[in-house]
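This report refers to the structure that appears directly beneath it.
Read the figures in this text as sums done on the coordinates, not as results from a lab. On a predicted model such as this, the values are computed, not experimentally measured, just so you know. Neighbour counts run over all protein chains shown; Cβ positions are idealised from the backbone, glycine included.
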């Protein structure tokens, strides 16, 4: 009985791990597919944002995201979160946010005054997925 | 010598002819206000954010921020039911969102003080003030004193009318 339980738990863990790996694998190239939408298709913003690249997001997850950031070649380069400062100071927490890739080489956190979609002062939290990602997203 | 004198006389006639041309042929006054932002969007601003012009001046707003979109929107009930901060006789404007290098023009004919803002960046506060003419002009309407519809940060970010009239234009390179 115990062995059966452990086997089931192991399979469940393996299955969840596989699903998670499979999900992130599907996001590595642009476009990531539904339910993600390209930000510039639904908001008045440039298709490629200097510093952030081409962004995709699931609308239900706004404002925090994750926003998936792709370079000019369509490679997933960063996962971005946008957290309004007023909401944070009022006690809102953004927990258990998804990531576009499990590999993270560096993280930038900086202030943004606002833009369509998140039109209030907020923080950008940028998880870069490889060492060259920041350079590819710059311009 | 006679030839040179004739040339001078011809030149003088040309200048006189230009000066006496009907106003409609001369170029109308025009000014440019840029929408600017830092690379990461920490700061956004109008440049200049304070400007004095004569009545009839056409203002061209142009987005020079490569990573953001901006609007120029007059404070007026026609725009999202905001409290009026332009002369009563003036027509309100709203550029809608301008992507990088896009522009929008508005011609201001009524003397007075015009306050405007950028929709996604009002909280920044990305606002500006244009003074058309001066208080001696017929129909002049001074600045709104309302502080209910705008935040203290917005109110404080608007340059004083006296400073705009003294300096002609007020701008800061990095928006601070």
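Would you please state which residues of the stretch B:106-125 a label at residue B:28 would reach in this model, taking the label point 7 Å out along Cα→Cβ and a backbone N cut-off of under 18 Å?
In the stretch B:106-125, the label zone of residue B:28 (backbone N under 18 Å from the point 7 Å along Cα→Cβ) covers B:106-112.
Compute the distance in nm between two label points, each set 7 Å from the Cα along the Cα-to-Cβ direction, one at residue A:47 and one at residue B:64.
Reported label-point gap for residue A:47 and residue B:64 is 2.6 nm.
Write down the percent of antiparallel bridges among all DSSP beta bridges whose residues are both part of the stretch B:28-170, to the nearest 5.
Working: 22 of 33 bridges.
In the stretch B:28-170, approximately 65 percent of DSSP beta bridges are antiparallel ones.
Between the stretch B:41-113 and the stretch B:137-154, how many Å separate their Cα centres?
Each part reduced to its Cα centre gives a spacing of 15 Å.
How many partner chain Cβ atoms sit within 10 Å of a residue's Cβ in peptide A:39-52, on average, as a whole number? Display every interim value, and only then the final one.
Working: counts 0, 2, 0, 0, 3, 11, 7, 9, 1, 2, 5, 8, 5, 3.
The per-residue average across the peptide is 4.
Ranked highest first by average number of other Cβ atoms within 10 Å, how do A:55-66, A:111-122, B:120-131 line up?
Details: A:55-66: 18.7, A:111-122: 20.6, B:120-131: 24.4.
Answer by packing, highest mean first, reads B:120-131, A:111-122, A:55-66.
Using the 10 angstrom Cβ neighbour count as an exposure proxy, how do B:161, A:126 rank, fewest first?
Numbers: B:161 18, A:126 23.
The most exposed by this proxy come first: B:161, A:126.
From other protein chains only, count the Cβ atoms within 10 Å of every residue's Cβ in A:106-119, then give the mean. Provide the component values of the computation, followed by the final result.
On the way: counts 0, 0, 1, 0, 3, 5, 10, 17, 11, 10, 8, 1, 1, 7.
Mean partner-chain Cβ count within 10 Å for A:106-119: 5.
What does the convex hull of the Cα atoms come to per residue for the stretch B:28-170, in Å³?
Details: hull volume 13.9 nm³, N = 143.
Once divided by residue count, the hull of the stretch B:28-170 is 97 Å³.
Summarise the partner chain shielding of B:41-51 as one whole number: the mean count of Cβ atoms from other chains within 10 Å of each residue's Cβ. Please list the in-between numbers first.
Details: counts 12, 6, 3, 4, 1, 0, 0, 0, 0, 0, 0.
Mean inter-chain Cβ contacts per residue within 10 Å come to 2.
In nm, give the distance between the simple-model label positions of residue B:109 and residue A:72, each being 7 Å from the Cα along the Cα-to-Cβ direction.
It is 4.7 nm.
Take residue A:106 and residue A:62, extend 7 Å from each Cα along the Cα→Cβ direction, and tell me the distance between the two endpoints in nm.
Modelled inter-label distance: 3.1 nm.
Remind me, relative contact order of the stretch B:28-170 in percent, using alpha carbon pairs under 8 angstrom and six or more residues apart?
Numbers: 346 pairs, mean separation 38.6, N = 143.
Relative contact order of the stretch B:28-170: 27 percent.
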